[in-house]
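Notes follow once the structure below has been shown.
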Amino acid sequence: AARKGRDPAADGRGLMAATAAATNVTGHDEGEVLKKSPWLDAWHDPVAGMCCFSSFMCLADLHAEGDHRLIMVDLKKRMRIYKGTTIQWQQQLLDVPCAVQCFYHEVASPPIPTLAVASGHQVFIYRYMRPYLKFTLPPIDVDHAEAGIWEELGKESIDVRAAFEKLNAARESGTVLSNISIDFLALEDAEQQAEFSKSMRSNLAHQQTSITCMEVLKQNMDEPTAVSMLVLGTENRMVYILDSTALNIATKVELDAVPTFISVLGLYDVEYRITVACRDGNIYTIKNGQVLSSVIELETQPVGLVRYDKNIYVGCMDNVIHCFHFKGKKNHSIYLPCPISCMSLLQITKSRAAKALVVALNNGEVRLYNGKHLITTSKTNEIVTGMKLGTFGREEGSMVLSFKSGALMVKILQRNANFEVSNATPGPPPEQDIPLDVPKKTKLYVEQTSREREQAIDMHRTFQRDLCKLRLSTARAYVNLLGAGHGPMSSVGGAQVRLNAQVIGMGPQFKIVVRVQNAGVHALYDVPLMCTANPNLYRIPKPCYYLPILVPQQVYIVEIQISCTNEIGGTDCARLFLCSRTSNMPIISAVVNMPISEMPLTD
């Protein structure tokens, strides 16, 4: 209903630009996303109802007025032409299509393109949106052995069972049978075989092939409206190049496998190359009507083929895009997270010269690559089945996406989109190569350098001697510290003792919580613990405690009460000594820094 309410004469470019502008100002979050992505959402029709592959779509200026239309065909035998966002023309096809292309068959003013729809073994030609003519591929010659068997069966020289066995033996011996013989061998019931043989005896001479892919090759000029020719790939492993009138075959080339994707480059009258990806996983190159000996072998089957300058990008079923030079040398590979649905080349020539590889994945992502570098990733909510890049309306950088659900989406490339990759080479920063402003060498520096060079051995010996003296002095000081009981751990008679203290309280009443642990293997008996402090500041009601036994690996807690007697809340440190009954040196000691005491509360 919304489509019927639109103005048919409205300019598609204006509608898409208005939609893109409206999308660009819808909210803060979407604005940030659009700044990161070079694509603007121009139009989205979720109920278009046409699920198309990439070969089912074409962009062309059908009326030579500068307004490019979108031509679409689908498996339901429908052909539809969009002018902007409205359906301009729709017609039912005679057979299921496999590809659609536009080409110019003559030099005319204004240049009106011709629309070609490949279907089965025929190519339907449309001009001015009307059927114009039909090209039919030449029939395939049937093998003489197979034709002789059917001829004998028609003359009733042999019965149906004998003909069945002879055809089966011919197939096992390597003879390429026709589709009629293959269908005949697929029947197992004798009555069905007899009925099939009666109905097909006269149709054996009409063996036809099918078109698998179609492209357009320029004839003698590299211009958008120059005279061009159709290139067809067929099921019988042939590549046909039709003349500009699409009535005769100009060149035919036989390959070793069935072609699935075709990419053309050059001019037919000068020099041309046709890159063909086939079902056997190989890529063949046809140069001026001859198949070159260099064959590119792929690990898996190809799912997409794009010619990028002198490079060939091939998408494979193992989620990898391989890049080859057109002579066969492999350049690099791009590994993707999920399967590839379609590939295409974005090429801008009017406003500026720019090229980029566009890849659509099965997870809904549309990725933009410049060589092997990923530029941006756009996320769609559906699976992309077909993609076409080119001029739609009056906008050159347009991308048309067809989804599995039948929806249709058009995106427009921003005018200031940047495809360039940073030229900065990985590694250290360029500032590292800038020399430092080192001052000139003075006479003192030169004399010192010469002295170090001449007396290097004596200086090294002096340094090593002073270093050894420093280590010895440090070790002696540490031993004296442990002997005086001031270290973090002390050992007396094979026993290792640790002492930790913590002050609790805000004052003037404090409590020192002492934790004593015997980390050795022997027990200690009758160990006194003493606490001293400045008597002018603190008062300790019970300064001495006795620990009857220190069992190894056990922690003993002693709480010592201490009061601050200074009215102004002075502070000092308290000392703890874990004494020994057999020596005048303490086993271990600790210094506790007392906090500032709060003022005493008076009634």
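Of note:
- With respect to the stated conditions, HIS460 fails to be closer than 30 Å to GLY520 by Cβ and either surrounded by 10 or more Cβ atoms within 10 Å (Cβ to Cβ) or modelled with pLDDT under 80 (or both).
- Segment 567-603, residues that are part of a loop (DSSP other than H, G, I, E, B) and buried (at least 16 other Cβ atoms within 10 Å of the Cβ): CYS579, SER580, PRO586, ILE587, MET594, SER597
- Within segment 120-147, residues that are among the charged types (D, E, K, R) have Cβ atoms under 7 Å from residues that are open to solvent by 50 Å² or more (accessible area, probe 1.4 Å) in these pairs: ASP143/VAL176, counting only partners at least 6 apart in sequence or on another chain.
- Members of segment 268-307 that are open to solvent by 50 Å² or more (accessible area, probe 1.4 Å) and of a type in the set (Phe, Trp, Tyr): TYR268
- One residue alone among ALA360, ALA354 is in contact (Cβ under 8 Å) with a residue 40 or more places away in the chain and farther than 17 Å from GLY304 by Cβ, and that residue is ALA354.
- Answer residue from segment 78-88, given it is in a strand (DSSP E or B) and not hydroxyl-bearing (Ser, Thr, Tyr) and is surrounded by the most Cβ atoms within 10 Å (Cβ to Cβ) among those: MET79
- Scanning segment 154-191 for residues that are more than 21 Å from ASN236 (Cβ to Cβ), assigned to a loop (DSSP other than H, G, I, E, B) and of a type in the set (Val, Ile, Thr) returns a single hit, ILE158.
- Candidate set: segment 544-565, residues that are out of contact with any strand residue (DSSP E or B) (no Cβ under 6 Å at 6 or more places or on another chain) and over 19 Å from CYS531 (Cα atoms); chosen: the one least open to solvent (accessible area, probe 1.4 Å): VAL551
- Filter pass, ALA519 being touching a Cys at 6+ places or on another chain (Cβ under 8 Å), in contact (Cβ under 8 Å) with a residue 24 or more places away in the chain and closer than 18 Å to ALA590 by Cα: no
- Members of segment 292-325 found to be part of a loop (DSSP other than H, G, I, E, B) and farther than 15 Å from GLY371 by Cβ, listed by number: LEU292, SER293, SER294, VAL295, LEU298, GLU299, THR300, GLN301, MET317, ASP318, ASN319
- In segment 548-563, the qualifying residues are those that are of a type in the set (A, V, I, L, M) and part of a strand (DSSP E or B), and the one that is nearest to HIS522 (Cα to Cα) is LEU550.
- If you go through segment 92-123 and keep only what is under 25 Å from ASN220 (Cβ atoms) and surrounded by fewer than 20 Cβ atoms within 10 Å (Cβ to Cβ), you end up with CYS102, GLU106, VAL107, ALA108, SER109, PRO110, PRO111, ILE112.
- Residue list for segment 345-373, restricted to those being within 30 Å of SER294 (Cα to Cα), outside any loop (DSSP other than H, G, I, E, B) and open to solvent by 20 Å² or more (accessible area, probe 1.4 Å): LEU345, GLN347, LYS355, ASN370, HIS373
- When segment 254-267 is filtered for residues that are open to solvent by less than 10 Å² (accessible area, probe 1.4 Å) and part of a strand (DSSP E or B), only PRO259 remains.
Here's the yes/no breakdown for (1) open to solvent by 50 Å² or more (accessible area, probe 1.4 Å); (2) in a strand (DSSP E or B); (3) modelled with pLDDT under 90; (4) not aliphatic (A, V, I, L, M):
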| site | (1), (2), (3), (4) |
| --- | --- |
| LEU62 | no, no, no, no |
| ILE71 | no, yes, no, no |
| LYS76 | yes, no, no, yes |
| GLN90 | yes, yes, no, yes |
| ILE125 | no, yes, no, no |
| TYR132 | yes, yes, no, yes |
| GLU152 | yes, no, yes, yes |
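- Qualifying residue in segment 494-507 (condition: part of a strand (DSSP E or B), among the aliphatic types (A, V, I, L, M) and at pLDDT below 85): yes
- Tally of residues being among the hydrophobic types (A, V, I, L, M, F, W, C), under 19 Å from VAL558 (Cα atoms) and modelled with pLDDT under 90 across segment 508-528: 4
- Among the residues of segment 385-411, just one is under 22 Å from the mean Cα position of the chain (by Cα), open to solvent by 10 Å² or more (accessible area, probe 1.4 Å) and β-branched (Val, Ile, Thr), namely THR385.
- Residue satisfying all of: in segment 235-253; closer than 16 Å to HIS121 by Cβ and assigned to a strand (DSSP E or B); most open to solvent (accessible area, probe 1.4 Å) among these: LYS252
- For segment 107-125, a residue qualifies if it is among the polar types (S, T, N, Q) and under 15 Å from ALA60 (Cβ atoms), and exactly one does: THR114.
- Qualifying residue in segment 214-234 (condition: buried (at least 19 other Cβ atoms within 10 Å of the Cβ) and acidic (Asp, Glu)): yes
- ALA533 meets all of the listed conditions (1) more than 18 Å from ILE504 (Cβ to Cβ); (2) at pLDDT 90 or above but one, namely (1).
- Scanning segment 282-338 for residues that are hydrophobic (A, V, I, L, M, F, W, C), in contact with a Phe, Trp or Tyr (Cβ under 9 Å, 6 or more places away or on another chain) and within 19 Å of ASN362 (Cβ to Cβ) yields VAL303, LEU305, VAL306, VAL314, VAL320, ILE321, ILE334.
The values are calculated or read from the model by the stated rules, or taken from the named source; none is laboratory data. No experiment lies behind these values; they were computed from the predicted model shown. Every residue, glycine among them, receives a Cβ derived from its backbone with ideal geometry; neighbour counts consider all protein chains shown. With ligands, DNA and RNA removed, areas are computed over all heavy atoms of the protein, side chains included. Shrake-Rupley method; radii C 1.70, N 1.55, O 1.52, S 1.80 Å.
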